[in-house]
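Only one structure is covered here, and it is reproduced in the block below.
The values are calculated or read from the model by the stated rules, or taken from the named source; none is laboratory data. Predicted model only: the values in this text are computed from it and were never measured. Methodologically, a virtual Cβ is constructed for each residue, glycine included, from the backbone with ideal geometry; neighbour enumeration extends over all protein chains shown. Accessible surface is based on the protein model in full, side chains and every heavy atom, while ligands, DNA and RNA are left aside. Shrake-Rupley method; radii C 1.70, N 1.55, O 1.52, S 1.80 Å.
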Amino acid sequence: MSNRRASGYLVPQPDPIQELSSPMSTTVTIETLGQRGEGVTSIDGQRVYVPFTLPGEEVVIEHEGERGQLQNVTTASADRIEPFCPYFGECGGCQIQHLSPDAYKAFKIGLVETALQHAGLEHKVEVFHIAHGEGRRRATLHARKDAAGYMRIRSHELLNIEKCPILVPALVHAPKIARILAASIGECDVSFTATSTGLDVHVRKAPKGLKLETLVPLAAQLRLARLSIDGDMVSVRQQPTITMGRSEVDLPIGSFLQATAQAEDVLASYVIAAVGKSKSVADLFCGIGPFALRLAEKAPVYAADSDKAATLALAKATRFTKGLKAVTSKVRDLFRDPLTQFELNFETVVLDPPRAGAEAQIKELVKSKVKNVVMVACDPKTFARDAKTLVQAGFILSELIAVDQFAWSTHIEVAGTFRR
């Protein structure tokens, strides 16, 4: 497979020997941009999805079924810009670096508004926040002894990279570290988190029978704050911590954290403003407490999450932070065992569920006497589903915002306030 640079990035090209068995090239016009950032065209009545193309462009593609592969851009869109990453077009990590700022913003907002429209809700995003900050503070790389990076677009083939430009500066050597670890461990996935005290590295999918103690010198050599493998501790040079409001929180192995520090600050500011002067607050799906710890500066907080390690970290941070109101942290599976309508004795409930949403908890909320709900979500579709249930129960959605922390991807964070 050879490569040709078209419109600023590499486009895979078939080998001449294989051309006889390859699909025929076709010139098409891209009609729309799909939710996965792929251009959409129609060939013989069938929709075909072509990565790295834009609406209005005339392009040459190869296609099999609904999958198209860009060969050349004949007529470029005015919304096309040069991508900044040398791996764009090959790497499956970013999909939309070729969009102009205005087109990029419109695409991201469309992800939220379209999801709401499909749920029967006509609401517009009031504020769009660019929250890329210094870059993503978390990344998971696939690693082999001689390669580390992300999978190629639409492939299970590993693309070896030297650095990823969308990560924080502290992760600039992440691919090199991943290769060094894989050389000793074997094929694995390596998750990095840049913390206040250094790099927290968690190896996943490691080969069985690995002797962890043999990796202690390697962790020291790499100066990792912590190294863990499939949930088991290998070594700790310095406990990884994250600053949240006034608190310094110990980060549990594999615990959830917002992708960028700026996004966490934007979302926390939104939640605090939406909660306002409420005197009793529940923070459900609280994690390690990015909202609870800040809210507790003004009011007592009940915090619950199924992640025991996260709730313990929150409890510890509460004990060691001066000037906070009481934070009651509980381990509770809010999918299987949501707080019932009789337990929801709060003025305001904050929800920050994972991608699956908060369907079970929402059903109890609508039966309760709670007047205010503040919901943060990483999936516009499940946000829209849960928002519809709240609206049907008499809540009014307002202050809808989109927070773009997943730079140049097809993901977006959304937050809204519901009052009745």
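Observations
Results for (1) part of a loop (DSSP other than H, G, I, E, B); (2) under 16 Å from Q117 (Cα atoms); (3) in contact with a strand residue (DSSP E or B) (Cβ under 7 Å, 6 or more places away or on another chain); (4) aromatic (F, W, Y), shown as yes or no for each residue.
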residue	(1), (2), (3), (4)
P354	yes, no, no, no
S368	yes, no, no, no
K388	no, yes, no, no
A402	no, yes, yes, no
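- Conditions (1) open to solvent by less than 60 Å² (accessible area, probe 1.4 Å); (2) assigned to a loop (DSSP other than H, G, I, E, B): number failed by I272: (2)
- Checked against the criterion of being among the basic types (K, R) and either under 26 Å from P252 (Cβ atoms) or open to solvent by less than 20 Å² (accessible area, probe 1.4 Å) (or both), the candidates R138, R179 yield just one match: R138.
- Checked against (1) outside any loop (DSSP other than H, G, I, E, B); (2) more than 14 Å from E413 (Cα to Cα); (3) touching a residue at least 40 places away in the same chain (Cβ under 8 Å), D102 passes all but condition (3).
- Picking from residues in region 141-168 that are touching a residue at least 24 places away in the same chain (Cβ under 8 Å) and out of contact with any Cys (no Cβ under 9 Å at 6 or more places or on another chain), the one that is surrounded by the most Cβ atoms within 10 Å (Cβ to Cβ) is A148.
- Residues located in region 276-290, provided they are touching a residue at least 60 places away in the same chain (Cβ under 8 Å) and open to solvent by less than 10 Å² (accessible area, probe 1.4 Å): V281, A282, D283, L284, C286
- Subset of region 281-301 [under 19 Å from P354 (Cα atoms) and either modelled with pLDDT under 95 or out of contact with any helix residue (DSSP H, G or I) (no Cβ under 9 Å at 6 or more places or on another chain) (or both)]: A282
- Residue list for region 33-65, filter: open to solvent by less than 60 Å² (accessible area, probe 1.4 Å) and in contact with a helix residue (DSSP H, G or I) (Cβ under 7 Å, 6 or more places away or on another chain): L33
- Matching residues in region 187-215 - criterion: being open to solvent by 60 Å² or more (accessible area, probe 1.4 Å), at pLDDT 95 or above and either part of a helix (DSSP H, G or I) or out of contact with any Asp or Glu (no Cβ under 8 Å at 6 or more places or on another chain) (or both): E187
- If the condition is being in contact with a Lys or Arg (Cβ under 8 Å, 6 or more places away or on another chain) and assigned to a loop (DSSP other than H, G, I, E, B), then region 28-79 contributes P51, L54, E57, E66.
- Residue count for region 225-236, restricted to those that are in contact with a Gly (Cβ under 7 Å, 6 or more places away or on another chain) and either surrounded by fewer than 18 Cβ atoms within 10 Å (Cβ to Cβ) or over 20 Å from A309 (Cα atoms) (or both): 1.
- Residue that is surrounded by the fewest Cβ atoms within 10 Å (Cβ to Cβ), among those in region 66-90 that are of a type in the set (D, E) and touching a residue at least 24 places away in the same chain (Cβ under 8 Å): E82
- Across region 185-202, a minimum of one residue is classified as under 24 Å from V249 (Cα atoms) and acidic (D, E).
- Sole residue being under 20 Å from D379 (Cβ atoms), open to solvent by less than 40 Å² (accessible area, probe 1.4 Å) and without any contact (Cβ under 8 Å) to a residue 40 or more places away in the chain, chosen from A304, A360, A299: A360
- Candidate set from region 309-342 (those that are closer than 21 Å to V271 by Cβ and of a type in the set (D, E, K, R)); member that is surrounded by the most Cβ atoms within 10 Å (Cβ to Cβ): R332
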